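Below: one structure, written as structure tokens.
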Amino acid sequence: MEQLTVSSGSYGVIHYDFEPDNVFYDEETDKFSVIDFDDAIRCWYALDVVRAIDALDDVIKESDYKEAERCFIQGYRSVTSFTEEQMQTLPLMRRLVHLQEYSTLLYVMSEPVAEKPDWMNELTDKLKFKLRQLEKSMSGVLSD
């Protein structure tokens with residue numbers, strides 16, 4: 001990552017929680033607005049793009065996903081430059097997101113719980129499954 005370009009066109013303040021539930025559309029003005037900037041950080045813009053694209057997976061049918069991704073990138077490029085070089089970093093940014101998710105889950109799950117309610121056992125199993133998925137995603141070849 002230290003070899004990636006850090007310039008005003010590729011690096012700066014990003015939303016970092018750019019998900020559909022944080023974007024609103026006003027039909028009267030035909031404009032979108034974004035809320036919830038409490039997770040904003042300074043990083044590569046490509047990281048924000050990959051987080052937004054990955055969030056589409058929750059709201060878009062699989063058959064429409066590639067078209068939604070293309071439209072998002074086109075819209076992103078309509079308000080700022082997003083170069084082909086930055087596009088090439090998306091797999092790396094996705095791995096960074098997975099690493100952050102993985103380390104956060106490990107940290108949360110390391111907290112000892114004196115008395116676990118029944119529902120927590122099911123949640124723990126789901127989180128362990130997510131950890132295994134993230135491990136696989138990070139250990140693979142850097143590609144999508």
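Laid out as a table, the results:
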quantity	calculated
At R0 = 22 Å, FRET efficiency that the Cβ-Cβ distance of Leu106 and Asp38 yields, to 0.05	0.45
By accessible area with a 1.4 Å probe, ligands and nucleic acids excluded, highest first: order of Trp44, Trp119	Trp119, Trp44
FRET efficiency, Arg132 to Arg77 (Cβ-Cβ, R0 41 Å, nearest 0.05)	0.70
Under-5 Å amide H pairs with Tyr11, H placed in peptide plane, nonlocal only	Tyr45
Choice from Asp54, Asp17, Asp39 showing the highest fluctuation, given a GNM over the chain with Cα pairs closer than 10 Å	Asp39
Alpha carbon convex hull of the chain, volume per residue in cubic angstrom	164 Å³
Probe 1.4 Å, protein heavy atoms only - accessible area per residue of the chain in square angstrom	71 Å²
Phi to ³J(HN,Hα) by Karplus 6.51 cos²θ - 1.76 cosθ + 1.60 over region 17-23, Hz, x for Gly, Pro	9, 6, 10, x, 6, 10, 10
Within the chain: Cβ-based charge dipole about Cα centre, in debye rounded to nearest 20 (Lys, Arg +1; Asp, Glu -1)	680 debye
Degrees between helix 65-79 axis and first principal axis of the chain (Cα, 0 to 90, nearest 10)	50 degrees
Met120-Ala68 pseudo-label distance in nm [points 7 Å out on the Cα-to-Cβ vector]	3.5 nm
Relative contact order %, the chain, counting alpha carbon pairs below 8 Å whose residues are six or more apart	21 percent
HN-Hα J in Hz across region 127-132 - Karplus 6.51, -1.76, 1.60, θ = phi - 60°, x for Gly and Pro	5, 5, 4, 4, 4, 5
Cα radius of gyration and Dmax for region 1-56 (Å)	13.0, 44
Accessible-area composition of the chain, carbon plus sulfur, in percent [1.4 Å probe]	54 percent
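The values are calculated or read from the model by the stated rules, or taken from the named source; none is laboratory data. The structure presented is a predicted model; accordingly, all values stated were derived computationally and were not measured. Note that each Cβ is placed from the backbone with ideal geometry, even for glycine, and that neighbours are counted across all protein chains shown. Surface areas here come from the heavy atoms of the whole protein model, side chains and all, with no ligands, DNA or RNA. Shrake-Rupley method; radii C 1.70, N 1.55, O 1.52, S 1.80 Å.
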